1. Go through the residues of the range 204-226 one by one and say whether even a single one is on the phi < 0 side of the Ramachandran plot, basic (Lys, Arg) and either surrounded by 22 or more Cβ atoms within 10 Å (Cβ to Cβ) or not in a helix (DSSP H, G or I) (or both).
2. Output the residues belonging to the range 109-149 that are within 21 Å of Leu276 (Cα to Cα) and either among the acidic types (Asp, Glu) or within 14 Å of the chain's Cα centre (by Cα) (or both).
3. Take Ile71 and decide whether it is under 15 Å from Trp3 (Cα atoms), within 19 Å of the chain's Cα centre (by Cα), assigned by TED's automatic domain parsing to the domain that holds Gly12 and surrounded by fewer than 23 Cβ atoms within 10 Å (Cβ to Cβ).
4. Could you tell me which residue of the range 20-45 is surrounded by the fewest Cβ atoms within 10 Å (Cβ to Cβ), considering only residues that are assigned to a loop (DSSP other than H, G, I, E, B) and modelled with pLDDT of 95 or more?
5. Among the strands (runs of 3 or more DSSP E) contained in the range 81-186, which hold 1 or more residues that are surrounded by fewer than 16 Cβ atoms within 10 Å (Cβ to Cβ)?
6. Taking His318 as meeting all but one of (1) at pLDDT 95 or above; (2) loosely packed, with under 12 Cβ neighbours inside 10 Å, write down the number of the exception.
7. Please find, within the range 244-272, the residue that is surrounded by the most Cβ atoms within 10 Å (Cβ to Cβ) out of those that are polar (S, T, N, Q), touching a helix residue (DSSP H, G or I) at 6+ places or on another chain (Cβ under 7 Å) and more than 14 Å from Ile142 (Cβ to Cβ).
8. Testing Lys304 on (1) at pLDDT below 95; (2) touching a Gly at 6+ places or on another chain (Cβ under 8 Å); (3) basic (Lys, Arg), one condition comes back false. Which one is that?
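The values are calculated or read from the model by the stated rules, or taken from the named source; none is laboratory data. Keep in mind that this is a model prediction, so the values were computed, not measured. When we count neighbours, we look across all protein chains shown, and the Cβ atoms used for this are built from the backbone with ideal geometry, even at glycine.
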Amino acid sequence: MKWAVIMAGGSGTRFWPESRKHFPKQFLHLLGPQTLLEQTFRRLLKVVPASRILVFTAEEKAGVTAKLLRIPRSQVIGEPVGRNTAPCAAWAASHILQKDPSAVLGLFPADHHIADAGTFTRVLRVAYDQAEKEGVPVTLGIQPDQAHTGYGYLERGAAKATVHETRVFSLKQFCEKPERRLAEKYFRSGKFMWNAGIFIWRADCLLETTRRYLPAVFKTVTKITTDRLSPAAVRRLFQKVPNISIDYGLMEKLQGTILMIPVSMGWNDVGSWAALKGLLGSDGQGNIALGKTLLVESSGNVVKAKDRLVATVGLKDHVIVDTGDVILVCPVHATESIRKIVAALKQKGLGRYL
């Protein structure tokens, strides 16, 4: 059967000061009345029934996550400590196999935007079918529309099949986030896709691959899911596993045997405040203005106010976010560096603002 796992444990530091430790990016209303997490959940319902969608999130967010999505608390797994996506995926596979030995699971980030839900649904169904049939991971490669340096890339290999008018290829290799010149080369070639971090895989194959390449993770997650452990025992065990992504820990070990489906579906990782400029409507001067704002002779800005008026004059290409206790001001081109503020707050003992 088809299962889905939404990975919602991220901190979303590039959306500080609105994204905080106890209220991270996936819980924000950045693109309308629904949170990014709700949007992700509802997209998956076209392919996977609600009863077979699990959410992995921080332990202290498990209750609010279940309430937000209106699903049983048993479908939300609270991680006692963040250990990246490989341990999360292995834990999910081990947990699901206890219920369904033939499970095929999809792993999905909680905080991405997909404009073309119809295309996503069509391609995802093919991905599940191929993963079940071939017993290998299937990933979705996003057709790039520019030479982006902020994403990892997937190099397309040989054509493998055409299923319901959807072409399936082998994945030749994973590529790190490139510098500008290399990104432009990738884009011109037409053979490189953006890595969206979406993977579909048979649960038994995922867990066996974990046993082979990440034995410490395998040992921990199987003990957690088969033994009746106290929360304290789970915490002690899980905090010892490696902090490693599924890309580095598992997928890169399997290069040459992974399948990839190139797709254009209006995907965006909503990675920073600057990303909103391509996702929300702007005024005649290219400003995104949210809340109580007054922008005079200003252009290309992203301004988000809370209770008080935020006014600008002569301002160009800046981000201003007012959360009541914090005001962020930075150039649009520097929004990727907002995480440096988070690091500085930790260093200076200003944790109350995190």
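1. no
2. Passing the criteria: Pro109, Ala110, Asp111, His112, His113, Ile114, Asp116, Ile142, Asp145.
3. The answer is no for Ile71.
4. Leu45
5. 153-163, 166-175
6. (2)
7. Looking at residues that are polar (S, T, N, Q), touching a helix residue (DSSP H, G or I) at 6+ places or on another chain (Cβ under 7 Å) and more than 14 Å from Ile142 (Cβ to Cβ), I get Ser272.
8. Only one criterion is unmet by Lys304, namely (1).
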